[in-house]
Amino acid sequence: MFLFHRLNPLLQNTERGTFRPATLTCSDVQSVLENLGADGSLLKESVLIGCSEQNQAEFCLDVGRLDQAAVEEMVTGSFVDLRKSFFLLSGAEAPLVAKGQALLRWHQTSGFSSATGQPTRRNQAGSQRVCSSSGIISYPTMCPVVIVLVSDGTRCVLGRQAAFPRGMYSALAGFCDMGESLEEALCREVAEEVGLEVLSVSYSSSQHWPFPHSSFMLGCHASVSPAHTQLIVDRSELEDARWFSLQEVMSALQVKPRRGDPPPLWLPPKHAIAHRLITEWTQLMQTVS
Ligand SMILES: NC(=O)C1=CN([C@@H]2O[C@H](COP(=O)(O)OP(=O)(O)OC[C@H]3O[C@@H](n4cnc5c(N)ncnc54)[C@H](O)[C@@H]3O)[C@@H](O)[C@H]2O)C=CC1
Ligand SMILES: [Mg+2]
(Lines give C-alpha, C1' and ligand atoms only; values in the text may rest on other atoms or scores of the structure.)
(Ligands and ions follow the chains in the order given, each with its own letter.)
Protein backbone atom coordinates (compact mmCIF):
# COMPACT_ATOMS: atom_id res chain seq x y z
CA MET A 1 0.00 0.00 0.00
CA PHE A 2 1.23 3.52 -0.90
CA LEU A 3 0.60 6.10 1.81
CA PHE A 4 -0.12 9.79 1.21
CA HIS A 5 -0.51 12.65 3.65
CA ARG A 6 -2.71 15.42 2.27
CA LEU A 7 -1.89 14.09 -1.19
CA ASN A 8 1.89 14.05 -0.65
CA PRO A 9 3.34 10.55 -1.24
CA LEU A 10 5.48 8.80 1.38
CA LEU A 11 9.02 8.25 0.07
CA GLN A 12 11.87 6.25 1.57
CA ASN A 13 15.62 6.42 0.98
CA THR A 14 17.14 3.34 -0.63
CA GLU A 15 20.59 1.93 0.18
CA ARG A 16 21.82 3.37 -3.15
CA GLY A 17 20.94 6.90 -2.03
CA THR A 18 17.92 7.10 -4.35
CA PHE A 19 14.25 7.35 -3.36
CA ARG A 20 11.30 5.04 -3.81
CA PRO A 21 7.70 5.19 -2.64
CA ALA A 22 7.24 3.33 0.64
CA THR A 23 5.22 0.16 0.04
CA LEU A 24 3.63 -1.09 3.24
CA THR A 25 1.56 -4.21 3.79
CA CYS A 26 -1.99 -3.91 5.01
CA SER A 27 -0.95 -5.10 8.46
CA ASP A 28 1.91 -2.52 8.55
CA VAL A 29 -0.67 0.19 7.96
CA GLN A 30 -3.03 -1.33 10.51
CA SER A 31 -0.33 -1.22 13.18
CA VAL A 32 0.52 2.41 12.31
CA LEU A 33 -3.16 3.28 12.76
CA GLU A 34 -3.39 1.35 16.05
CA ASN A 35 -0.19 2.89 17.43
CA LEU A 36 -1.41 6.39 16.64
CA GLY A 37 -4.82 5.69 18.17
CA ALA A 38 -6.59 6.07 14.81
CA ASP A 39 -9.82 4.39 13.85
CA GLY A 40 -9.07 1.19 11.88
CA SER A 41 -11.97 2.00 9.55
CA LEU A 42 -9.65 4.52 7.82
CA LEU A 43 -8.31 1.47 5.92
CA LYS A 44 -11.67 1.26 4.13
CA GLU A 45 -10.77 4.55 2.42
CA SER A 46 -7.92 2.88 0.54
CA VAL A 47 -8.25 2.85 -3.23
CA LEU A 48 -7.21 0.09 -5.63
CA ILE A 49 -4.60 1.37 -8.08
CA GLY A 50 -3.16 -1.70 -9.75
CA CYS A 51 -1.76 -5.19 -9.60
CA SER A 52 1.96 -5.85 -9.15
CA GLU A 53 4.03 -8.23 -11.30
CA GLN A 54 3.80 -10.64 -8.35
CA ASN A 55 -0.01 -10.49 -8.69
CA GLN A 56 -0.43 -8.49 -5.49
CA ALA A 57 -3.23 -5.93 -5.40
CA GLU A 58 -1.83 -2.41 -4.92
CA PHE A 59 -3.69 0.25 -2.93
CA CYS A 60 -3.19 3.82 -1.81
CA LEU A 61 -4.48 5.60 1.27
CA ASP A 62 -4.38 9.21 2.46
CA VAL A 63 -3.62 9.44 6.18
CA GLY A 64 -4.00 13.23 6.24
CA ARG A 65 -6.04 13.02 9.45
CA LEU A 66 -3.01 11.63 11.34
CA ASP A 67 -0.02 13.57 12.61
CA GLN A 68 2.43 13.72 9.71
CA ALA A 69 5.64 13.63 11.77
CA ALA A 70 4.40 10.69 13.87
CA VAL A 71 3.65 8.59 10.76
CA GLU A 72 7.00 9.55 9.19
CA GLU A 73 8.83 8.44 12.30
CA MET A 74 6.99 5.10 12.49
CA VAL A 75 7.62 4.12 8.87
CA THR A 76 11.04 5.81 8.43
CA GLY A 77 10.12 7.96 5.47
CA SER A 78 8.97 11.43 4.46
CA PHE A 79 5.84 12.77 2.81
CA VAL A 80 7.12 14.77 -0.16
CA ASP A 81 5.28 17.16 -2.48
CA LEU A 82 4.31 15.20 -5.62
CA ARG A 83 6.07 17.55 -8.09
CA LYS A 84 9.26 17.26 -6.08
CA SER A 85 8.80 13.47 -5.87
CA PHE A 86 8.91 13.28 -9.67
CA PHE A 87 12.47 14.60 -9.59
CA LEU A 88 13.45 12.10 -6.87
CA LEU A 89 11.84 8.88 -8.09
CA SER A 90 13.93 6.95 -10.55
CA GLY A 91 11.97 3.71 -10.70
CA ALA A 92 8.89 2.70 -12.61
CA GLU A 93 6.62 3.53 -9.65
CA ALA A 94 6.19 7.24 -10.51
CA PRO A 95 3.13 6.70 -12.76
CA LEU A 96 1.51 4.54 -10.07
CA VAL A 97 2.12 7.21 -7.42
CA ALA A 98 0.63 9.79 -9.82
CA LYS A 99 -2.42 7.62 -10.41
CA GLY A 100 -2.88 7.06 -6.68
CA GLN A 101 -2.70 10.77 -5.91
CA ALA A 102 -5.12 11.61 -8.73
CA LEU A 103 -7.69 9.06 -7.50
CA LEU A 104 -7.37 10.16 -3.87
CA ARG A 105 -7.81 13.79 -4.93
CA TRP A 106 -10.89 12.86 -6.95
CA HIS A 107 -12.49 11.11 -3.94
CA GLN A 108 -11.64 14.03 -1.66
CA THR A 109 -13.37 16.51 -3.99
CA SER A 110 -16.33 14.37 -5.10
CA GLY A 111 -18.17 13.82 -1.83
CA PHE A 112 -21.32 15.45 -3.24
CA SER A 113 -23.10 14.94 -6.54
CA SER A 114 -22.74 17.94 -8.87
CA ALA A 115 -26.19 17.07 -10.29
CA THR A 116 -28.21 16.78 -7.06
CA GLY A 117 -25.99 18.21 -4.32
CA GLN A 118 -26.56 15.01 -2.30
CA PRO A 119 -23.73 12.93 -0.74
CA THR A 120 -22.05 10.27 -2.92
CA ARG A 121 -20.77 6.87 -1.80
CA ARG A 122 -17.72 5.16 -3.24
CA ASN A 123 -17.66 1.57 -4.46
CA GLN A 124 -15.31 -0.88 -2.77
CA ALA A 125 -12.42 -0.53 -5.25
CA GLY A 126 -12.69 3.25 -5.32
CA SER A 127 -13.15 3.41 -9.10
CA GLN A 128 -16.54 5.19 -9.00
CA ARG A 129 -18.99 7.04 -6.72
CA VAL A 130 -22.77 6.77 -6.63
CA CYS A 131 -25.18 9.56 -5.68
CA SER A 132 -27.16 8.46 -2.63
CA SER A 133 -30.42 10.04 -3.86
CA SER A 134 -30.41 9.62 -7.66
CA GLY A 135 -28.13 6.59 -8.11
CA ILE A 136 -26.15 8.55 -10.74
CA ILE A 137 -22.68 7.03 -11.05
CA SER A 138 -19.69 9.34 -11.47
CA TYR A 139 -16.23 8.32 -12.66
CA PRO A 140 -12.82 9.98 -12.31
CA THR A 141 -12.15 12.35 -15.21
CA MET A 142 -9.06 13.63 -17.01
CA CYS A 143 -8.78 16.85 -19.05
CA PRO A 144 -7.22 16.41 -22.49
CA VAL A 145 -4.06 18.48 -22.88
CA VAL A 146 -1.94 18.71 -26.03
CA ILE A 147 1.81 18.86 -25.54
CA VAL A 148 3.99 19.56 -28.54
CA LEU A 149 7.63 19.83 -29.45
CA VAL A 150 7.88 22.32 -32.30
CA SER A 151 10.89 22.08 -34.64
CA ASP A 152 12.09 24.05 -37.65
CA GLY A 153 14.22 21.13 -38.83
CA THR A 154 17.34 22.00 -36.82
CA ARG A 155 16.13 23.61 -33.57
CA CYS A 156 13.19 23.14 -31.21
CA VAL A 157 11.01 25.56 -29.20
CA LEU A 158 10.97 25.23 -25.42
CA GLY A 159 9.10 27.54 -23.07
CA ARG A 160 8.86 28.17 -19.37
CA GLN A 161 6.05 29.30 -17.11
CA ALA A 162 6.91 31.59 -14.23
CA ALA A 163 5.94 28.82 -11.78
CA PHE A 164 8.50 26.32 -13.18
CA PRO A 165 11.64 25.67 -11.14
CA ARG A 166 14.40 28.14 -12.05
CA GLY A 167 16.08 27.34 -15.39
CA MET A 168 13.57 24.65 -16.42
CA TYR A 169 12.09 24.75 -19.93
CA SER A 170 9.55 22.33 -21.39
CA ALA A 171 7.56 21.58 -24.52
CA LEU A 172 4.53 23.82 -25.20
CA ALA A 173 1.27 22.57 -23.69
CA GLY A 174 -2.34 23.61 -23.48
CA PHE A 175 -5.80 22.36 -22.59
CA CYS A 176 -8.04 21.23 -25.47
CA ASP A 177 -11.17 23.38 -25.67
CA MET A 178 -14.61 21.79 -25.86
CA GLY A 179 -15.28 20.54 -29.38
CA GLU A 180 -11.67 20.79 -30.60
CA SER A 181 -9.69 18.00 -32.24
CA LEU A 182 -6.16 17.29 -31.04
CA GLU A 183 -4.74 18.91 -34.21
CA GLU A 184 -6.90 22.04 -33.82
CA ALA A 185 -5.90 22.46 -30.17
CA LEU A 186 -2.24 21.98 -31.07
CA CYS A 187 -2.24 24.59 -33.88
CA ARG A 188 -4.17 27.07 -31.72
CA GLU A 189 -1.89 26.67 -28.69
CA VAL A 190 1.29 27.06 -30.76
CA ALA A 191 -0.15 30.15 -32.47
CA GLU A 192 -1.36 31.66 -29.17
CA GLU A 193 1.72 30.95 -27.08
CA VAL A 194 4.58 31.62 -29.53
CA GLY A 195 2.94 33.00 -32.70
CA LEU A 196 4.09 30.20 -35.03
CA GLU A 197 2.11 28.52 -37.81
CA VAL A 198 2.29 24.71 -37.65
CA LEU A 199 2.77 22.96 -41.00
CA SER A 200 2.60 19.31 -39.95
CA VAL A 201 1.83 17.24 -36.88
CA SER A 202 2.84 13.72 -35.88
CA TYR A 203 1.53 11.89 -32.85
CA SER A 204 4.08 10.42 -30.43
CA SER A 205 2.49 9.03 -27.27
CA SER A 206 0.32 9.90 -24.28
CA GLN A 207 0.37 9.85 -20.50
CA HIS A 208 -1.77 10.58 -17.48
CA TRP A 209 -0.41 13.58 -15.59
CA PRO A 210 -1.84 14.34 -12.13
CA PHE A 211 -1.54 18.17 -12.42
CA PRO A 212 -3.38 20.44 -12.05
CA HIS A 213 -6.36 18.04 -11.61
CA SER A 214 -5.53 15.02 -13.79
CA SER A 215 -4.65 15.77 -17.39
CA PHE A 216 -4.54 13.33 -20.26
CA MET A 217 -1.39 14.49 -22.05
CA LEU A 218 -1.37 13.88 -25.81
CA GLY A 219 2.23 14.21 -27.00
CA CYS A 220 3.05 15.32 -30.55
CA HIS A 221 5.86 16.62 -32.71
CA ALA A 222 5.14 19.54 -35.03
CA SER A 223 7.10 21.27 -37.73
CA VAL A 224 7.14 24.90 -38.81
CA SER A 225 8.75 26.48 -41.85
CA PRO A 226 12.43 27.44 -41.35
CA ALA A 227 11.51 30.64 -43.19
CA HIS A 228 8.97 31.70 -40.51
CA THR A 229 10.53 31.17 -37.10
CA GLN A 230 10.10 34.49 -35.32
CA LEU A 231 8.61 33.88 -31.87
CA ILE A 232 5.92 36.17 -30.49
CA VAL A 233 5.69 34.98 -26.90
CA ASP A 234 2.42 35.38 -24.99
CA ARG A 235 3.87 36.75 -21.75
CA SER A 236 0.60 36.18 -19.88
CA GLU A 237 1.14 32.40 -20.32
CA LEU A 238 4.89 32.03 -20.63
CA GLU A 239 7.75 33.81 -18.90
CA ASP A 240 9.98 32.92 -21.83
CA ALA A 241 10.13 30.75 -24.95
CA ARG A 242 13.15 30.27 -27.19
CA TRP A 243 14.64 28.21 -29.96
CA PHE A 244 17.23 25.74 -28.70
CA SER A 245 19.88 23.95 -30.77
CA LEU A 246 20.39 20.18 -30.74
CA GLN A 247 23.66 20.69 -28.85
CA GLU A 248 22.01 22.79 -26.13
CA VAL A 249 19.22 20.24 -25.68
CA MET A 250 21.62 17.27 -25.64
CA SER A 251 23.71 18.94 -22.91
CA ALA A 252 20.57 19.71 -20.89
CA LEU A 253 19.50 16.05 -21.06
CA GLN A 254 22.73 15.13 -19.24
CA VAL A 255 22.02 17.51 -16.33
CA LYS A 256 21.18 15.83 -13.02
CA PRO A 257 18.90 17.75 -10.61
CA ARG A 258 20.88 18.98 -7.62
CA ARG A 259 20.81 21.69 -5.00
CA GLY A 260 22.47 25.06 -5.54
CA ASP A 261 22.64 27.18 -8.67
CA PRO A 262 20.58 25.66 -11.49
CA PRO A 263 22.29 25.10 -14.87
CA PRO A 264 21.30 27.51 -17.71
CA LEU A 265 18.85 24.93 -19.10
CA TRP A 266 17.34 21.89 -17.53
CA LEU A 267 14.44 19.75 -18.60
CA PRO A 268 11.40 18.04 -17.04
CA PRO A 269 11.98 14.74 -15.20
CA LYS A 270 12.16 11.40 -17.04
CA HIS A 271 8.57 10.47 -16.10
CA ALA A 272 7.18 13.55 -17.88
CA ILE A 273 6.05 13.12 -21.47
CA ALA A 274 7.90 16.38 -22.28
CA HIS A 275 11.14 14.55 -21.52
CA ARG A 276 10.17 11.74 -23.89
CA LEU A 277 9.30 14.18 -26.72
CA ILE A 278 12.58 16.02 -26.27
CA THR A 279 14.58 12.76 -26.26
CA GLU A 280 12.77 11.51 -29.37
CA TRP A 281 13.57 14.79 -31.14
CA THR A 282 17.29 14.56 -30.33
CA GLN A 283 17.35 10.97 -31.63
CA LEU A 284 15.60 12.00 -34.83
CA MET A 285 17.96 14.97 -35.33
CA GLN A 286 20.99 12.72 -34.85
CA THR A 287 19.78 10.24 -37.46
CA VAL A 288 19.13 12.95 -40.08
CA SER A 289 22.34 14.93 -39.48
N1 LIG B 1 3.80 15.97 -18.32
C2 LIG B 1 4.49 16.93 -18.92
O3 LIG B 1 5.55 16.69 -19.50
C4 LIG B 1 3.96 18.34 -18.91
C5 LIG B 1 2.69 18.59 -18.43
N6 LIG B 1 2.16 19.86 -18.49
C7 LIG B 1 0.80 20.02 -17.97
O8 LIG B 1 -0.03 20.55 -18.97
C9 LIG B 1 -1.01 21.34 -18.33
C10 LIG B 1 -1.51 22.37 -19.31
O11 LIG B 1 -0.48 23.25 -19.72
P12 LIG B 1 -0.69 24.83 -19.60
O13 LIG B 1 0.40 25.46 -20.42
O14 LIG B 1 -0.77 25.22 -18.17
O15 LIG B 1 -2.13 25.04 -20.27
P16 LIG B 1 -2.74 26.28 -21.08
O17 LIG B 1 -1.70 26.81 -22.04
O18 LIG B 1 -4.05 25.84 -21.65
O19 LIG B 1 -2.91 27.43 -20.00
C20 LIG B 1 -3.49 27.22 -18.74
C21 LIG B 1 -4.76 28.04 -18.60
O22 LIG B 1 -5.77 27.46 -19.39
C23 LIG B 1 -7.06 27.65 -18.78
N24 LIG B 1 -7.76 26.36 -18.82
C25 LIG B 1 -8.55 25.95 -19.84
N26 LIG B 1 -9.06 24.73 -19.60
C27 LIG B 1 -8.60 24.34 -18.39
C28 LIG B 1 -8.78 23.16 -17.60
N29 LIG B 1 -9.54 22.15 -18.01
N30 LIG B 1 -8.10 23.07 -16.42
C31 LIG B 1 -7.31 24.07 -15.99
N32 LIG B 1 -7.11 25.22 -16.70
C33 LIG B 1 -7.75 25.36 -17.89
C34 LIG B 1 -6.80 28.26 -17.40
O35 LIG B 1 -7.08 29.61 -17.49
C36 LIG B 1 -5.30 28.05 -17.19
O37 LIG B 1 -4.72 29.09 -16.44
C38 LIG B 1 -0.30 21.94 -17.10
O39 LIG B 1 -1.21 22.05 -16.06
C40 LIG B 1 0.80 20.96 -16.78
O41 LIG B 1 0.53 20.25 -15.60
C42 LIG B 1 2.84 20.91 -19.04
C43 LIG B 1 4.12 20.71 -19.54
C44 LIG B 1 4.81 19.43 -19.45
MG1 LIG C 1 0.41 26.52 -22.14
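Helical content of the chain, expressed as a calculated mean residue ellipticity at 222 nm, amounts to -8000 deg cm²/dmol (DSSP H runs of 4 or more residues, -39,500 (n - 2.57) each, divided by residue number, nearest 500). With all protein chains in place and a 1.4 Å probe, the accessible surface of segment 194-275 carries 53 percent carbon and sulfur.
Computed from backbone phi with θ = phi - 60° and the Karplus coefficients 6.51, -1.76 and 1.60, the 3J(HN,Hα) list for segment 61-72 is 8, 9, 9, x, 7, 8, 6, 4, 5, 5, 5, 4 Hz; x is used for glycine and proline. Within the listed set His271, His208, His228, the Gaussian network model of the chain (springs between alpha-carbon atoms below 10 Å) gives the highest mean-square fluctuation for His228.
In segment 1-116, what percentage of the DSSP-assigned beta bridges are antiparallel, given to the nearest 5? Before the final figure, lay out each step's value.
Numbers: 12 of 16 bridges.
Percentage antiparallel, nearest 5: 75.
If you wrap a convex hull around the alpha carbons of segment 45-149, what volume per residue comes out, as a whole number of Å³? Write out the running numbers ahead of the final one.
Numbers: hull volume 16.3 nm³, N = 105.
Spread over its residues, the Cα hull of segment 45-149 gives 155 Å³ apiece.
Where in segment 65-92 is the amide nitrogen less than 19 Å from a point lying 7 Å along the Cα-to-Cβ axis of Leu36? Taking a point 7 Å out along Cα→Cβ of Leu36, the residues of segment 65-92 whose backbone N falls under 19 Å are 65-82. One quarter of the surface of the convex hull around the alpha-carbon atoms of segment 19-80 equals 4.6 nm², the direction-averaged projected area.
The share of C-alpha pairs in segment 178-289 whose separation exceeds 22 Å stands at 42 percent. Between Met217, Met178, Met74, the Gaussian network model of the chain with springs among Cα atoms under 10 angstrom shows the greatest mean-square fluctuation at Met178.
Asp39 accessible area, nearest 10 Å², 1.4 Å probe? Asp39 exposes around 110 Å² with every protein chain in place.
Express in nm, to one decimal, how much length is gained between Val201 and Phe216 on full extension, taking 0.36 nm for each residue of separation and deducting their alpha carbon distance. Write down the numbers at each step before the final one.
Details: separation 15, 0.36 × 15 = 5.40 nm, distance 1.82 nm.
Using 0.36 nm per residue and subtracting the Cα-Cα distance, I get 3.6 nm.
Which order do the peptides 115-125, 96-106, 165-175 take when ranked by the mean count of other beta-carbon atoms within 10 Å per residue, highest first?
Top to bottom by mean Cβ count within 10 Å: 96-106, 165-175, 115-125.
The angle between the Cα long axis of helix 94-108 and the longest principal axis of the Cα atoms of the chain comes to about 60 degrees, rounded to the nearest 10. Bridgeable lysines around Lys99 (alpha carbons under 19 Å apart, same-chain partners fewer than 8 residues away excluded): Lys44, Lys84, Lys270. The order of Phe4, Phe19 by accessible area, most exposed first and with a 1.4 Å probe, is Phe19, Phe4. Annotation for segment 172-215 versus segment 120-162: alpha-carbon center distance of 14 Å. Rg then Dmax, both in Å and based on the Cα atoms of the chain: 21.5, 68. Each Cα pair under 8 Å and six or more residues apart adds its separation to the average, and for the chain the resulting relative contact order is 16 percent.
Label positions at Thr76 and Arg235, each projected 7 Å from the Cα along the C-beta direction, are separated by 5.3 nm.
Roughly what % antiparallel, to the nearest 5, for the DSSP beta bridges in the chain? Mind showing how you got there, number by number?
Details: 40 of 54 bridges.
Antiparallel: roughly 75 percent of the beta bridges in the chain.
The modelled label-to-label distance between Ile137 and Arg121, using points 7 Å beyond Cα along the C-beta direction, is 1.5 nm. The separation of segment 266-288 from segment 18-95, counted between C-alpha centres, amounts to 31 Å.
Report the net charge of residues surrounding Ala125, where surrounding means a beta-carbon distance below 14 angstrom and charges are Lys +1, Arg +1, Asp -1, Glu -1.
Details: positive: Lys44, Lys99, Arg121, Arg122, Arg129; negative: Glu45, Glu58.
Within the 14 Å Cβ shell, the charges total +3.
Averaged over residues, the count of other Cβ atoms within 10 Å places the peptides 9-17, 83-91 in the sequence 83-91, 9-17, highest first.
The values are calculated or read from the model by the stated rules, or taken from the named source; none is laboratory data. These numbers come from a predicted model, not from an experiment. Note that each Cβ is placed from the backbone with ideal geometry, even for glycine, and that neighbours are counted across all protein chains shown. Accessible surface is based on the protein model in full, side chains and every heavy atom, while ligands, DNA and RNA are left aside. Shrake-Rupley method; radii C 1.70, N 1.55, O 1.52, S 1.80 Å.
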